[in-house]
Amino acid sequence: NTMTYVQRTICPYDCPTSCGLLAETDGKKILRVKGDKTHPANKGLICGKMQHYEESINSEKRILTPLRRTGKKGSGQFMPITWEEAGNEIAERFLNICREDGPQAILPAVYSGVMGQIQRKCGEAFFNRLGACSLVLTLCASAKGAGYSAVAGKTGCLDPRELENSDFFLIWGSNIMATRLQILPLLARKRKEGKQVILIEACGRDSASLCDKAVYIRPGTDGALALAMMHVLWREHLEDEDFLRNQADGYEQFLPEIWKATPEWAQGITGIPAEVIEELAHVYGKAKAPAIVLGSGLSRYGNGGMTVRLITILSAFTGAWKRPGGGICGCDHNLGDFVDTKRITRPDLRKEPARIVNINQLSSALNAEGKDKIRAFYVYAGNPVNSVCNQTGLLKGVAREDLFTVVHERFMTDTALYADIILPATFSVEQTDCFKPYGYGTFAVANKIIDPPGQCKSNWDTFCFLAGKLGFEEDYFKQTAEDALEDLLSHPGKDLARLSEEQWQFLREGGTISADFADHCDFKTPSGKFMIVNKSLKDPVPHYIPCYDGTYPFHLISVPDSHTLNSIFLERDSLVENRGPMSLLLHPQDGAELGIQDGDPVTAWNDLAEVEFKAVFTDQIARKTAAASGVYSSSITGQRFQVNALNHERLSDIGEATTLNDNTINIKRSTF
Ligand SMILES: Nc1nc2c(c(=O)[nH]1)N[C@H]1C(S)=C(S)[C@@H](COP(=O)(O)OP(=O)(O)OC[C@H]3O[C@@H](n4cnc5c(=O)[nH]c(N)nc54)[C@H](O)[C@@H]3O)O[C@H]1N2
Ligand SMILES: Nc1nc2c(c(=O)[nH]1)N[C@H]1C(S)=C(S)[C@@H](COP(=O)(O)OP(=O)(O)OC[C@H]3O[C@@H](n4cnc5c(=O)[nH]c(N)nc54)[C@H](O)[C@@H]3O)O[C@H]1N2
Ligand SMILES: [Mo]
């Protein structure tokens with residue numbers, strides 16, 4: 001008969017929305033979680049995974065104390081130790097390494113386990129102060145970011161709430177069922193009103209049924225489609241010539257690229273029939289306020305930045321940016337000016353220029369010899385053994401006996417299995433943070449609701465604890481996360497500075513506030529114009545460039561799964577069970593040509609590795625494409641290597657991003 005109460009919080013995971021949640025608690029445990037109907041972005045709608053967030057928080061699989069390795073690396077044998085023991089050992093090892101080889105022999109790795117501005121980014125201050133390597137965080141959508149800003153600079157794209165005014169929707173390379181659930185009610189309503197929704201996908205298994213029509217494209221060739229659509233629009237006089245000549249840079253120089261890009265040419269590259277391209281361009285060109293909802297999958301290629309440049313130009317080619325609801329959505333980053341994250345990351349604490357390591361090349365870094373040898377690896381809020389390419393190289397690296405590895409985690413991940421010391425991490429409800437989602441112009445505070453179980457510590461508290469052990473004197477490391485939040489809020493960006501007393505109060509109590517939508521025609525670029533041609537780039541005039549592709553017959557792509565989020569939620573048996581075994585989606589005709597049947601065990605291989613999957617047939621995939629759905633761990637598949645073992649660590653054309661969708665494989669029926 002205990003009293004319970006409800007507190008607002010925010011989903012901490014790597015999604016465009018940062019959904020508002022209501023958590024019911026007795027002050028000790030989280031009992032129930034539901035969507036916050038008053039939240040401006042998700043309006044109460046949350047995914048199946050978060051509907052039982054409490055099952056993750058209360059999971060018996062959580063790591064509750066610091067652990068020291070007792071068996072071979074990877075064996076999973078650990079014994080509990082105290083924070084004092086763990087902290088002393090980490091400090092001693094780090095100080096020795098700093099003395100012997102310098103702090104650049106210490107490599108931190110973080111990614112997107114928690115998306116809050118404080119808990120995600122506080123480690124940077126610690127490693128800046130230490131002088132460790134600086135990690136380039138481009139494991140996700142930075143080729144997309146680079147491609148978009150190469151054209152639009154810092155101009156804000158469409159906030160999804162602006163899609164209310166759109167009259168035509170191109171869902172381009174986005175698994176909206178898994179990653180953009182919050183816009184589904186709007187799309188359903190628009191379809192009822194007779195507005196068309198068309199999907200352009202390499203694999204539309206999850207999303208095709210939510211659209212009027214799906215067009216399947218050969219992976220990595222979307223730039224050719226965008227060019228050919230512009231060709232048709234130009235030929236049919238559907239372009240906005242006034243906009244292109246007067247508000248954009250370089251239209252004249254770009255025109256020859258369009259003239260060359262006939263639908264017949266694009267058919268040869270994309271595999272989409274020329275008539276379909278013609279029709280697509282016509283319906284797009286006839287719409288007044290067409291919106292392109294752009295996913296990130298198509299940017300994870302050797303030509304990813306160029307592809308996004310071409311699609312961004314297409315999104316403005318008919319003048320759509322001038323009309324409410326017209327333009328491009330999903331290109332992030334410039335939706336609102338709230339807090340100054342440098343107050344958290346503290347680049348000023350670094351005394352010497354950093355040694356830079358790209359997260360996509362962790363495998364190379366961990367296997368380097370000589371003066372570049374990495375001696376300590378500190379992982380937090382990330383699971384690189386499962387999320388980064390060249391998994392065979394990564395496993396070789398983390399298995400090194402002379403590498404001292406610390407992993408700050410909530411669960412025994414494949415990365416944690418290789419740790420010398422594991423530190424127990426918190427859940428979002430056990431720590432204070434603030435959120436600026438990458439898909440909406442909103443900002444939210446999420447206050448700590450309950451104390452962590454066992455001896456779990458947040459990233460903030462852990463770095464401050466270790467700073468103490470290392471003798472860092474800066475006041476920064478003596479603050480609490482609540483102090484850090486107060487510091488951010490007392491140096492507000494322009495969209496916070498204008499809040500009323502009442503709104504401040506609401507925000508501080510865990511509310512979400514919104515920035516105004518961007519002015520899409522006030523171009524935040526050096527020339528003040530939309531940059532069709534961008535002279536600061538190696539490739540100033542956009543044109544079609546092929547992706548890496550490769551020598552094997554099938555193009556391998558990775559697609560998000562709606563039951564899980566990257567390797568998060570693997571602790572939830574029911575979600576993992578519903579998702580099923582690690583599968584490779586294939587077109588039935590390709591399956592037939594390979595002599596395999598739906599459900600067969602198959603082996604996929606290339607120059608890097610050999611990985612076992614279950615073949616799953618779907619019509620909703622481009623030919624000669626194999627799509628691996630979701631991220632799996634060794635404990636689920638029983639295999640040492642998962643899909644990323646088949647992916648190279650090559651980078652994108654611009655943005656230094658992952659090219660995890662740009663690899664080729666052979667496939668055969670497994671023989672046991
Ligand atoms: N349930 C769930 N939600 C998630 C995630 C998850 O794993 N599960 N991941 C989260 C993360 S980390 C991110 S970054 C976001 C966004 O996650 P992203 O991984 O960017 O996913 P999407 O934007 O949905 O885009 C992926 C889609 O691109 C398609 N695709 C791949 N290559 C091509 C191509 O060459 N051309 C075209 N047209 N399509 C292609 C794939 O088939 C897939 O449907 O979602 C987040 N939300
Ligand atoms: N094959 C394949 N590879 C992929 C993808 C894919 O779809 N397929 N997706 C790619 C994309 S888009 C991304 S963004 C990356 C994601 O790459 P990662 O961020 O490395 O992967 P996650 O699986 O999200 O792992 C995050 C880990 O952080 C832990 N964690 C959560 N909260 C906290 C916290 O507060 N503190 C600490 N210390 N730990 C915490 C979680 O338990 C989890 O194990 O993976 C990329 N790699
Ligand atoms: Mo991501």
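The values are calculated or read from the model by the stated rules, or taken from the named source; none is laboratory data. In this text, all values refer to a predicted model and were calculated from it rather than measured experimentally. No Cβ is skipped: glycine too gets one built from the backbone with ideal geometry, and neighbour counts run over all protein chains shown. Note: areas computed on protein heavy atoms with side chains; ligands, DNA, RNA excluded. Shrake-Rupley method; radii C 1.70, N 1.55, O 1.52, S 1.80 Å.
Just a few scattered comments:
- Put simply, of Tyr111, Tyr5 the only residue that is within 16 Å of ligand 2 (Cβ to nearest atom) and open to solvent by 20 Å² or more (accessible area, probe 1.4 Å) is Tyr111.
- The residues of segment 618-653 that are away from ligand 1 (no atom under 13 Å from the Cβ), of a type in the set (A, V, I, L, M) and over 17 Å from the mean Cα position of the chain (by Cα), listed by number, are Ile636, Ala645, Leu646.
- One residue stands out in segment 628-672 among those that are of a type in the set (Asp, Glu) and open to solvent by 40 Å² or more (accessible area, probe 1.4 Å): the one that is nearest to ligand 2 (Cβ to nearest atom), namely Glu656.
So that you can scan it fast, the table gives a plain yes or no per residue for (1) crowded, with 20+ Cβ neighbours inside 10 Å; (2) closer than 30 Å to Ser56 by Cα; (3) within 16 Å of ligand 2 (Cβ to nearest atom):
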site	(1), (2), (3)
Tyr552	no, no, no
Ser567	yes, yes, yes
Leu570	yes, yes, yes
Asn578	no, yes, no
Pro581	no, yes, yes
Glu612	no, yes, yes
Thr618	no, no, no
Ala626	yes, no, yes
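- In segment 131-149, residue nearest to ligand 3 (Cβ to nearest atom) [restricted to those that are surrounded by fewer than 24 Cβ atoms within 10 Å (Cβ to Cβ) and part of a helix (DSSP H, G or I)]: Gly145
- Count of residues meeting criterion [touching a strand residue (DSSP E or B) at 6+ places or on another chain (Cβ under 9 Å) and within 14 Å of ligand 1 (Cβ to nearest atom)] in segment 1-40: 8
- Meets criteria (free of Cβ contacts under 8 Å to residues at least 40 places away in the same chain and within 8 Å of ligand 1 (Cβ to nearest atom)) for Ser174: no
- Filtering segment 302-331 to residues that are out of contact with any strand residue (DSSP E or B) (no Cβ under 9 Å at 6 or more places or on another chain), open to solvent by less than 10 Å² (accessible area, probe 1.4 Å) and part of a loop (DSSP other than H, G, I, E, B) leaves Asn303, Gly319.
- Residues located in segment 19-70, provided they are among the hydroxyl-bearing types (Ser, Thr, Tyr), open to solvent by 10 Å² or more (accessible area, probe 1.4 Å) and touching a residue at least 12 places away in the same chain (Cβ under 8 Å): Thr38, Ser59, Thr65
- Residues that are within 18 Å of Asn367 (Cβ to Cβ), open to solvent by less than 10 Å² (accessible area, probe 1.4 Å) and assigned to a helix (DSSP H, G or I) within segment 394-427 comprise Leu394, Leu395, Gly397, Val398, listed in sequence order.
- Segment 202-223 - residue that is part of a strand (DSSP E or B) and open to solvent by less than 20 Å² (accessible area, probe 1.4 Å) and, of those, nearest to ligand 2 (Cβ to nearest atom): Cys203
- Filter pass, Asn666 being of a type outside the set (Asp, Glu), on the phi < 0 side of the Ramachandran plot and in contact with a Phe, Trp or Tyr (Cβ under 7 Å, 6 or more places away or on another chain): yes
- Only one of the numbered conditions (1) away from ligand 2 (no atom under 16 Å from the Cβ); (2) at positive phi; (3) open to solvent by 20 Å² or more (accessible area, probe 1.4 Å) is violated by Gly102, and that is (3).
Here is a yes/no grid of residues against (1) among the small types (Gly, Ala, Ser); (2) away from ligand 2 (no atom under 16 Å from the Cβ); (3) touching a His at 6+ places or on another chain (Cβ under 9 Å):
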site: Ala365; (1), (2), (3): yes, no, no
site: Gly370; (1), (2), (3): yes, yes, no
site: Arg375; (1), (2), (3): no, yes, no
site: Gly382; (1), (2), (3): yes, no, no
site: Val385; (1), (2), (3): no, no, no
site: Val388; (1), (2), (3): no, no, no
site: Thr392; (1), (2), (3): no, no, no
site: Leu395; (1), (2), (3): no, no, no
site: Arg400; (1), (2), (3): no, yes, no
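- Condition met for Ala289 (touching a Pro at 6+ places or on another chain (Cβ under 7 Å) and within 16 Å of ligand 2 (Cβ to nearest atom)): no
- Thr155 being more than 16 Å from ligand 1 (Cβ to nearest atom), surrounded by fewer than 24 Cβ atoms within 10 Å (Cβ to Cβ) and in a loop (DSSP other than H, G, I, E, B): yes
- When the criteria are applied in full, Thr341 meets the requirement of being β-branched (Val, Ile, Thr) and open to solvent by 30 Å² or more (accessible area, probe 1.4 Å).
- Odd one out for Glu473 among (1) in contact with a Gly (Cβ under 7 Å, 6 or more places away or on another chain); (2) assigned to a loop (DSSP other than H, G, I, E, B): (1)
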